[in-house]
Amino acid sequence: MLLKLLLRNALRHKLRNALTVCGLCIAILAFGMLRTVISAWYAGVEASSANRLVTRNAISLLFSLPLSYREKIRAVAGVKTVSYGNWFGGIYIDEKNFFANFAVEPKAYLEMYPEYIVPEEQKEAFLRDRKACAVGAKLAKRFGWEIGHTITLKGTIFPGNWELVLRAIYTGREKSTDQSQFFFHWDYLNESLRKTAPSRADKVGFYMIGLTKADLAARTAEAIDSMFQNSFAETITETEKAFQMGFVSLSEAIITAIRLVSLVIIAIIMAVVANTMIMSVRERMGEYAVFKTLGFGPMYLVGMIFGESLFITCFGGGLGILLTFPVAKGFGVAVGDWFPVFNVAQETIYMDCVAAVAVGLIASVFPAWRAVHVGIAEGLRRIG
Amino acid sequence: MTEPNNIIVEINDLSKSYRRGGQILPVLEHISLNIEEGTFLALMGPSGSGKSTLLNLIAGLDQADHGVIRIGGVDITTLGESELAEWRARNVGFIFQFYNLIPVLTAFENVELPLILTKLSKKQRREHVSTALELVKLHDRMDHYPRQLSGGQQQRVAIARAVVTDPTILVADEPTGDLDRVSAEEVLQLMERLSLDLGKTIIMVTHDPRAARKANLMKYLDKGILANAPEATFTECS
């Protein structure tokens, strides 16, 4: 009966409560989307493996390292595989068609990334052909590329038109795997540089290092860096996660701002729901006095007010959560260039739920307190 | 528990005052009153005389400054908030001027409301509600919401709600104050029947001499002091 009363009260002012539910739905949707944007920012970090290290020039990523370091690194205890590569920074037709493209040593690289699933025959074709490239399925879909297509990248860091043949399309083992990257043979780049810019040849932008065991990361990184200490190209070696975090931290201010905005949205909707509940409770003060007169204790009133508030917020929040998925999908397509992985994380849904429940509870604290503390005689005077 | 001499309400030296902006305004002063079981008492007096305050104190809705109120042998001035709420649920039936039904509940559900606090099963509650609605002759309107009922019908539902728990006393604050003459008469007849046929103890605050006529005891309250009703009131009533 009290549940029935709670539900009927929640539907009593249809327009007011519908608008509150609508506001809550939009707020939870916006909150979920902003949290998803933050998650997308960290997608690279999340996708990082604990048993991969990145070695780069200690001065900056803009400075390269000699290819000769490869064998020395390979000899360090704990190192299983070594690959290397360069950020190529090529443009496909137009600058707006941005995607990450790398020249890498492909064999060890693919071994190190088991999360990239490549059909065996495509993998072999890719490794065999020096002018071959491999791309993520999402990127291939974006530009309608198929196996055998010739793709021309216009070099910015390495000038010229680079014609590459698509030999492999990888998919992601995990939902969080970035499927919008482009790889081709570092040897192809290096051979060309030997002819056109010999001073830039035989140099790599980074080394990717596969470890035998993840817990050797700190010791191995230290060993590598100390090996090249006081050399003309000192190194910094860090876990892939730390390396990715370095990029993310460049946008830390933006991420903090997005976090704050998401909390502000929740605070605003909390005030809106609290206002709705205050209005409802004020209108029903006489009814609550009747309940008290009949012998209903404070806990009944608190239960009714909190229950009604939670019903509104959970309904609005539920709608917001349901809408988050299609909206995130559409948004992900629209901003795919910047966020290759744009998935609504389970954690975001939990946060949405917590936010909706917290709004419902906090918004009803003051109205419930008032309803409980107004004297019966005073409450009854509000009728008539 | 009823006293041996059938005194159901015993009030001794009761005082109550309100504080308004630093000033203390006495509302009731040294009131003493005994009401026997089955009495239908009409409490009259001018506005601001303290009638509703006295009714609220008897019903356990307010706390006295001084004095004792014993209902059915229980001194309610010694009870705490939650004990008082429990006591009200078991011992007092309320009839208000503006009916005070819950608008989102049907007549049946409104009458059932006080029974939620009892240990009765759903079936037993249903039986009690049906009996109460039959008593006020509104059994056929049990599924109607208050807005679908006339003022008189709403007040009859309120009476059914007041009697459904079979309380020790019924308190009514201006029960006919918001009704037309015909509806008021119906409600008063019903209350008279509750007193005469079912032996209910009723304490009714009213301005209406016609309503007071239905009572078998009349008291007059003026400036916080209780007295027997003045001759003029009797004359007006008869």
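Put simply, of B:V157, B:V163, B:V129 the only residue that is touching a strand residue (DSSP E or B) at 6+ places or on another chain (Cβ under 7 Å) and of a type outside the set (S, T, N, Q) is B:V163. Of all the residues in the range B:38-63, those that are more than 10 Å from chain A (Cβ to nearest Cβ) and among the charged types (D, E, K, R) number 1. When the range B:55-68 is filtered for residues that are within 17 Å of B:G93 (Cβ to Cβ) and of a type in the set (A, V, I, L, M), the ones remaining, listed by number, are B:L55, B:L57, B:I58, B:A59, B:L61. Look at the range A:363-383: where a residue is within 14 Å of chain B (Cβ to nearest Cβ) and under 25 Å from A:V273 (Cα atoms) and a partner is buried (at least 16 other Cβ atoms within 10 Å of the Cβ) and among the small types (G, A, S), sitting 6+ places away or on another chain with Cβ atoms under 7 Å, you get A:G379/A:G286; A:G379/A:A289; A:R382/A:G286; A:I383/A:G286.
Could you go through the range B:154-176 and let me know if any residue there is of a type in the set (A, V, I, L, M, F, W, C), surrounded by fewer than 21 Cβ atoms within 10 Å (Cβ to Cβ) and part of a helix (DSSP H, G or I). No - not one qualifying residue is present in the range B:154-176.
Identify the residue in the range B:87-132 that is free of Cβ contacts under 8 Å to residues at least 40 places away in the same chain, within 13 Å of B:T165 (Cβ to Cβ) and within 12 Å of chain A (Cβ to nearest Cβ) and, among all such residues, is surrounded by the most Cβ atoms within 10 Å (Cβ to Cβ). It comes out as B:R88.
A:N9 fulfils the conditions (1) at pLDDT below 90; (2) buried (at least 20 other Cβ atoms within 10 Å of the Cβ); (3) farther than 30 Å from B:T106 by Cα; (4) not hydroxyl-bearing (S, T, Y) except for a single criterion, (3).
Listed here are the residues, each with its yes/no results for (1) at pLDDT 95 or above; (2) surrounded by 16 or more Cβ atoms within 10 Å (Cβ to Cβ); (3) among the β-branched types (V, I, T); (4) under 25 Å from the mean Cα position of the chain (by Cα).
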position	(1), (2), (3), (4)
A:R74	no, no, no, no
A:G78	no, yes, no, no
A:Y84	yes, yes, no, no
A:D94	no, no, no, no
A:N97	no, no, no, yes
A:A100	no, yes, no, yes
A:A103	yes, yes, no, no
A:P114	no, no, no, yes
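Just one of the listed residues (A:G23, A:G78) is outside the structural domain of A:T256 (by TED's automatic domain parsing) and either more than 25 Å from A:D178 (Cβ to Cβ) or charged (D, E, K, R) (or both), namely A:G78.
Residues in the range A:293-306 that are within 14 Å of chain B (Cβ to nearest Cβ), surrounded by fewer than 24 Cβ atoms within 10 Å (Cβ to Cβ) and part of a helix (DSSP H, G or I): 6 in all. Here A:G155, A:G205, A:G160, A:G210 are screened, and the one residue that is of a type outside the set (D, E, K, R), at pLDDT 90 or above and within 25 Å of the chain's Cα centre (by Cα) is A:G210. Pairs are defined by a Cβ separation below 6 Å, a sequence spacing of at least 6 or placement on different chains, a first member in the range A:99-122 that is within 27 Å of A:K154 (Cα to Cα), and a second member that is of a type in the set (V, I, T); the pairs so defined are A:A108/A:T81.
The set of residues in the range A:370-384 that are among the small types (G, A, S) and in a loop (DSSP other than H, G, I, E, B) comprises A:G375, A:G384. Applying the criterion of being in a helix (DSSP H, G or I) and of a type in the set (D, E, K, R) to the residues of the range A:325-369, the residue that is surrounded by the most Cβ atoms within 10 Å (Cβ to Cβ) is A:D352. Those helices (runs of 4 or more DSSP H) of the range A:176-251 in which 3 or more residues are within 15 Å of A:V82 (Cβ to Cβ) occupy A:217-227.
When A:E283 is tested against (1) without any contact (Cβ under 8 Å) to a residue 12 or more places away in the chain; (2) under 28 Å from A:A27 (Cβ atoms); (3) away from chain B (no Cβ under 14 Å), just one condition goes unmet, and that condition is (3).
Evaluate the range A:182-194: report whether one residue or more is surrounded by fewer than 20 Cβ atoms within 10 Å (Cβ to Cβ), on the phi > 0 side of the Ramachandran plot and touching a Leu at 6+ places or on another chain (Cβ under 9 Å). No - not one qualifying residue is present in the range A:182-194.
Filtering the range B:64-84 to residues that are facing chain A (nearest Cβ under 10 Å) and touching a residue at least 12 places away in the same chain (Cβ under 8 Å) leaves only B:L84. Report yes if some residue within the range A:246-258 is over 29 Å from A:N9 (Cα atoms), more than 14 Å from every other protein chain (Cβ to nearest Cβ) and in contact with an Asp or Glu (Cβ under 9 Å, 6 or more places away or on another chain); otherwise report no. Yes, the conditions are met somewhere in the range A:246-258.
Scanning the range A:309-319 turns up one or more residues that are within 11 Å of A:G32 (Cβ to Cβ) and buried (at least 17 other Cβ atoms within 10 Å of the Cβ).
The values are calculated or read from the model by the stated rules, or taken from the named source; none is laboratory data. The model shown is predicted, which means the values in this text are computed figures rather than measured ones. Methodologically, a virtual Cβ is constructed for each residue, glycine included, from the backbone with ideal geometry; neighbour enumeration extends over all protein chains shown.
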